[in-house]
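Colleague: What follows is a structure written as structure tokens; I'll ask about it next.
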Amino acid sequence: MTIRILLAALLLLAACSKQEAALPTPLEPDSNAIAYFCHMSLPEHEGPKVQAFMRNQDKPYWFASVSEAFVFLQTEPFQPKDLVVVYVNDMGQGSWEHPAAGAWVEIHRAHFVIGSRRTAAMGGTEAVPFAAQAAAEAFVRQFGGQVVDFDAAAKALAIDQQGSAS
């Protein structure tokens with residue numbers, strides 16, 4: 001019985017490894033990367049960007065800000081079954097004006113700063129993503145806010161969206 005459980009665990013682990021290996025590689029936004037909501041070219045915006053890869057699509061949906069991606073994740077009817085992966089810029093690298101090329105982190109693994117003095121690309125509340133908690137804490141010391149996980153950031157942005165709609 002123990003050998004069967006061990007084999008089942010190994011098969012599950014192998015399946016998970018294959019699924020992670022199959023994730024698309026993050027792309028770098030260029031002038032052809034158009035934001036999903038505002039339909040503007042991503043290089044026209046400062047701050048963190050987001051790319052969401054959907055099943056059976058080789059090009060991602062682009063977002064000019066993390067707050068827009070959270071709105072997308074909370075409102076689109078085809079979520080999450082068609083969603084493969086969402087990457088956010090690691091703002092611990094590069095600058096606000098120029099996030100570092102290749103510095104992407106899967107959205108659920110990021111540490112977010114909410115309530116800082118930095119705003120989203122089109123204005124409003126932003127959740128600033130970091131791969132490392134220490135980098136997020138350094139950002140808080142400079143720009144204010146608090147470090148939270150994905151779920152807390154999503155909740156904070158949902159509340160902010162509801163509050164701004166009234």
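The values are calculated or read from the model by the stated rules, or taken from the named source; none is laboratory data. What you see is a predicted model; the values in this text were computed from it and never measured. Note that each Cβ is placed from the backbone with ideal geometry, even for glycine, and that neighbours are counted across all protein chains shown. Side chains included, ligands, DNA and RNA excluded: accessible areas come from the protein's heavy atoms. Shrake-Rupley method; radii C 1.70, N 1.55, O 1.52, S 1.80 Å.
Colleague: Of the conditions (1) surrounded by fewer than 20 Cβ atoms within 10 Å (Cβ to Cβ); (2) modelled with pLDDT of 90 or more; (3) of a type outside the set (A, V, I, L, M), residue 60 fails just one. Which one is it?
Modeller: All conditions are met except number (1).
Colleague: Sticking with this one: Run residue 79 past the list (1) among the polar types (S, T, N, Q); (2) at pLDDT 90 or above; (3) open to solvent by less than 50 Å² (accessible area, probe 1.4 Å) and report the number of the one that doesn't hold.
Modeller: Only one criterion is unmet by residue 79, namely (2).
Colleague: Let me ask you something else. Select from segment 35-94 the residues that are within 22 Å of residue 147 (Cα to Cα) and of a type in the set (Asp, Glu) and list them in ascending order.
Modeller: 46, 68, 90
Colleague: Please state which one of 94, 145 is surrounded by 15 or more Cβ atoms within 10 Å (Cβ to Cβ) and free of Cβ contacts under 8 Å to residues at least 12 places away in the same chain. Steps first, please.
Modeller: Numbers: 145 fails: free of Cβ contacts under 8 Å to residues at least 12 places away in the same chain.
When all the criteria are applied, what remains is 94.
Colleague: A further question follows. Of all residues in segment 153-166 being over 10 Å from residue 111 (Cβ atoms) and open to solvent by less than 40 Å² (accessible area, probe 1.4 Å), which is modelled with the lowest pLDDT?
Modeller: Only one residue fits best here, namely 158.
Colleague: For segment 140-147, state whether one or more residues are at pLDDT 95 or above, within 18 Å of residue 25 (Cα to Cα) and aliphatic (A, V, I, L, M).
Modeller: The answer is no, given that none of the residues of segment 140-147 is at pLDDT 95 or above, within 18 Å of residue 25 (Cα to Cα) and aliphatic (A, V, I, L, M).
Colleague: On the given criteria, is residue 126 within 15 Å of the chain's Cα centre (by Cα) and charged (D, E, K, R)? Give the derivation first.
Modeller: On the way: within 15 Å of the chain's Cα centre (by Cα): yes; charged (D, E, K, R): yes.
Against the criterion (within 15 Å of the chain's Cα centre (by Cα) and charged (D, E, K, R)), residue 126 qualifies.
Colleague: Which one is modelled with the lowest pLDDT among residues in segment 36-57 that are touching a Leu at 6+ places or on another chain (Cβ under 9 Å) and part of a loop (DSSP other than H, G, I, E, B)?
Modeller: Within segment 36-57, the match that is modelled with the lowest pLDDT is 55.
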